[in-house]
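Some notes on the structure that comes next.
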Amino acid sequence: MPKAKKTAEEIKAIVEKEHVRFLRLMFTDIMGTIKNVEVPVSQLDKVLENKMMFDGSSIEGFVRIEESDMYLHPDLDTWMIFPWESEHGKVARLICDIYNPDGTPFAGDPRGNLKRALADMEKAGFTSFNLGPEPEFFLFKLAADNSITTELNDQGGYFDFAPTDLGENCRRDIVLELENLGFEVEASHHEVAPGQHEIDFKYANAVEACDNIQTFKLVVKTIARKHGLHATFMAKPLFGINGSGMHCNMSLFKGSENAFFDKDGDIQLSQTAYHFLAGLMKHAKAFTAICNPTVNSYKRLVPGYEAPVYIAWSGRNRSPLIRVPESRGLSTRLELRSVDPTANPYLALAALLTAGLDGVKNELEPPKSVDRNIYVMTEEEREAAHIYDLPGTLQASLAELKNDQVIVDSLGSHIFNNFYEAKTIEWQAFGQAVTEWEREQYLELY
């Protein structure tokens, strides 16, 4: 999504010309939730001078009450006018980085943390880390009182279209809205499960791509509601059908050259690509907690529903964790298939980049590719091929995360400690909950 560099003067001129009335200053908390501080346009100068404060103690995982003052530093390149909010005047947004009162970056800001990982990447000799995400979501009907139901609005399947795919009009409106906002949408289609959809947009550098993911979620939910639907990025909202993933297509660049491509290399992959791939595989168990951060995420990561369960890679086979799509040249990339859209994209990309760079730095070699369907292999066959399982629960993945210092360091101590504590509490709360499944199994029997 290429953007022209914006200046404060240009933004002031746009505000006046477009009659913008409100500014939405957006950022993302540690859990991946979009937060915002909305101010009237009269505060524009203060915003552009990085003088807008907010109470950091009110955001989960940020700071304690006695150190609550935080500053919002807007990224002017994220300037965007929302096309759907004009009843009381236009609303524009700026995505912000979080700073301490002393002018230093706040260690608990996921976006700032990703920039820290990118600085390490530059020290390693690379200029950019690109991401092409493939986020999936479900559309459910809203009840008459606007409460969310689990009733699907279609019975479509992969690449189906109207009349089977009744979500088509909603999806088309989402695509049009995204294009109005400057997204370059590459594909839009119904996914495998009824009510499930995917919209893919063009790759961008890591920070911009993560900004795009957060904007995408906001657009999808807003437009869905206008169609009387609720869009959810929950990993596995319904039993017995596929869950929602967010495949991440990644590549490293040196200037204008894709560092993963080597026309003379084996399957035209460079040694850098193989080392990066090995780093991803080495740290896969640990970064699963970040890329699949909810209790529900692990209901998707089970055999039989297209989500990867095994740590392996392949050129064409779609059952392993990592696939190498066939495009080469500038499009050479590694596709990680485990990530789901509940992940905080800034934290996920920082962890994945750090894992890959660890492979590059230590010249790690990946195991042989697996070009058969792993799902039909026996446990003994998988063991003989050194194919290991991803963690099966949030608790198991948190244990792996805690024991992998490379991935812990990718988050920094502030984010790691708060993330780990919050997710441990989430697992404990789940363990204490009494579910409908338990009542069906035991209420009458015992």
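The values are calculated or read from the model by the stated rules, or taken from the named source; none is laboratory data. Since this is a predicted model, take the numbers as computed values, not measurements. Using ideal geometry, Cβ is built from the backbone for each residue, glycine included, and neighbour counts are taken over all protein chains shown. Just so you know, the surface numbers come from the protein's heavy atoms only, side chains and all, with ligands and any DNA or RNA stripped out. Shrake-Rupley method; radii C 1.70, N 1.55, O 1.52, S 1.80 Å.
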Scan 278, 289 and give me the residue that is touching a Lys or Arg at 6+ places or on another chain (Cβ under 9 Å) and part of a helix (DSSP H, G or I). 289
Mind checking which residues of the range 112-128 are without any contact (Cβ under 8 Å) to a residue 40 or more places away in the chain, more than 30 Å from residue 174 (Cα to Cα) and open to solvent by less than 60 Å² (accessible area, probe 1.4 Å)? 119
Residues to consider are 60, 67; find the one that is touching a helix residue (DSSP H, G or I) at 6+ places or on another chain (Cβ under 9 Å), under 27 Å from residue 245 (Cβ atoms) and modelled with pLDDT under 90. 60
Contact list, first residue from the range 413-427 and within 16 Å of residue 350 (Cβ to Cβ), second anywhere and surrounded by 14 or more Cβ atoms within 10 Å (Cβ to Cβ) and among the acidic types (Asp, Glu), beta-carbon distance below 9 Å, six or more apart or interchain, is 415/109; 416/409
Please state which one of 335, 306 is open to solvent by 40 Å² or more (accessible area, probe 1.4 Å), touching a residue at least 60 places away in the same chain (Cβ under 8 Å) and not aliphatic (A, V, I, L, M). 306
Kindly provide the set of residues from the range 338-349 that are under 26 Å from residue 268 (Cα atoms) and either open to solvent by 10 Å² or more (accessible area, probe 1.4 Å) or in contact with a Ser or Thr (Cβ under 8 Å, 6 or more places away or on another chain) (or both), ordered by number. 338
Does any residue of the range 82-93 turn out to be open to solvent by less than 10 Å² (accessible area, probe 1.4 Å), modelled with pLDDT of 90 or more, touching a Pro at 6+ places or on another chain (Cβ under 7 Å) and of a type in the set (A, V, I, L, M, F, W, C)? no
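Residue-by-condition table, conditions (1) part of a helix (DSSP H, G or I); (2) aromatic (Phe, Trp, Tyr); (3) farther than 25 Å from residue 70 by Cβ; (4) in contact with a Ser or Thr (Cβ under 7 Å, 6 or more places away or on another chain):
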position: 12; (1), (2), (3), (4): yes, no, no, no
position: 24; (1), (2), (3), (4): no, no, no, no
position: 27; (1), (2), (3), (4): no, yes, no, no
position: 42; (1), (2), (3), (4): yes, no, no, no
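Which of the residues that make up the range 338-365 are in contact with a Leu (Cβ under 6 Å, 6 or more places away or on another chain) and not aliphatic (A, V, I, L, M)?
Of everything in the range 338-365, those that are in contact with a Leu (Cβ under 6 Å, 6 or more places away or on another chain) and not aliphatic (A, V, I, L, M) turn out to be 338, 346, 356.
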Being in contact with a helix residue (DSSP H, G or I) (Cβ under 9 Å, 6 or more places away or on another chain), of a type in the set (Asp, Glu) and open to solvent by 10 Å² or more (accessible area, probe 1.4 Å) is the filter here; which residues of the range 199-216 pass it? 208
Give just the number: which of (1) outside any loop (DSSP other than H, G, I, E, B); (2) modelled with pLDDT under 95 does residue 357 not satisfy? (2)
Of all helices (runs of 4 or more DSSP H) fully inside the range 368-436, the set with 3 or more residues that are buried (at least 19 other Cβ atoms within 10 Å of the Cβ) is 394-402, 405-432
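Residue-by-condition table, conditions (1) at pLDDT 85 or above; (2) touching a helix residue (DSSP H, G or I) at 6+ places or on another chain (Cβ under 6 Å); (3) open to solvent by 40 Å² or more (accessible area, probe 1.4 Å); (4) more than 21 Å from residue 33 (Cα to Cα):
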site: 130; (1), (2), (3), (4): yes, no, no, yes
site: 142; (1), (2), (3), (4): yes, no, no, yes
site: 153; (1), (2), (3), (4): no, no, no, yes
site: 167; (1), (2), (3), (4): no, no, no, yes
site: 177; (1), (2), (3), (4): yes, yes, no, yes
site: 184; (1), (2), (3), (4): yes, no, yes, yes
site: 190; (1), (2), (3), (4): no, no, no, yes
site: 221; (1), (2), (3), (4): yes, no, yes, no
site: 234; (1), (2), (3), (4): yes, no, yes, no
Tally of residues being open to solvent by less than 60 Å² (accessible area, probe 1.4 Å) and either of a type outside the set (S, T, N, Q) or over 23 Å from residue 130 (Cα atoms) (or both) across the range 19-39: 13
Go through the range 96-111 and give me each residue that's open to solvent by less than 10 Å² (accessible area, probe 1.4 Å) and part of a loop (DSSP other than H, G, I, E, B). 108, 109
